[in-house]
Amino acid sequence: MANKSLFKTLSTPSILPIQILRIGQFVILCVPGEFSTMAGRRLRDSVKTVLSNDKDFKNMHVVVAGLTNTYSQYVTTYEEYQVQRYEGASTLYGPHTLSAYIQEFKKLAKALISSEPVEPGPQPPDLLDKQISFLPPVVVDGTPHGVDFGDVCSDVPQNSTFKCGDMVTASFWSACPRNDLMTEGTFALVEFHKGEDNWVPVYDDDDFCLRFKWSRPSKLSSRSKATIEWRIPDDVNPGVYRIRHFGAAKSLFGSIHHFTGSSSAFVVA
């Protein structure tokens, strides 16, 4: 893989990353914008011309993958830019934008052939502290006295048995989901029991059959609940299951701590 940053201007975004990925005989040109059909052909052909100079790269299949890593609107040919229709007028960096891409991708292609390292170039600035949000921050999360985050407030009926198509519901004392969006995790999970203490995750909140609902009793309340609903799919394996909830709570002093909760086990026949 070869990569490099292309362009640094006063426009937004100011730095654009480009990449070439090789998977066997498959070469992917990663571009941070929407290339017109002819612009994409010219970029692809220019890279294929460079790669064909090496016998190990002659039969490469080259494709353009748009909207990669970031977005910088459209990229058109010089001729399309002159017409200034929608795509040409939305080419942010002027009539020679495609030429600049071709120039830099040819450099990457040569580096790919020779296995030479490529200077990474400038990194995109971190603008998180400059963003304005009208959404009020989370002040604090709380639970009733004697109750911990993740405790069940409405459990699955004891010794219950369900079948395909049934809805299984459990509610937990929770906290505001904005404390941690669980980008690499999940708020809700259905686990399958495989013996002793071995529970295997089978469904999470990416699955349409599992629904996560969060609510507060009132806007000024620090208490909240998470309700997890599992509509048992037709292709489920019979056995013992449970529902789990994952969350993060904010203390009065601003610290964040994570918690989990589990429903009672139940049978799916």
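The values are calculated or read from the model by the stated rules, or taken from the named source; none is laboratory data. All values reported here derive from a predicted model rather than from experimental measurement. Because the Cβ atoms are built from the backbone with ideal geometry, glycine has one as well, and the counts that use them run over all protein chains shown.
Worth a mention:
- Residues in segment 240-269 that are in a loop (DSSP other than H, G, I, E, B) and of a type in the set (Ser, Thr, Tyr) were compared, and the one that is nearest to the chain's Cα centre (by Cα) is Ser255.
- Just so you know, in segment 178-231 the residues that are of a type in the set (Val, Ile, Thr) and surrounded by 17 or more Cβ atoms within 10 Å (Cβ to Cβ) include one that is nearest to Ser264 (Cα to Cα), and it is Val190.
- Ser114, sole failed condition from (1) within 28 Å of Ser255 (Cα to Cα); (2) in the same structural domain as Thr49 (by TED's automatic domain parsing): (1)
- The requirement of being outside any loop (DSSP other than H, G, I, E, B) and out of contact with any helix residue (DSSP H, G or I) (no Cβ under 8 Å at 6 or more places or on another chain) is not satisfied by Gly88.
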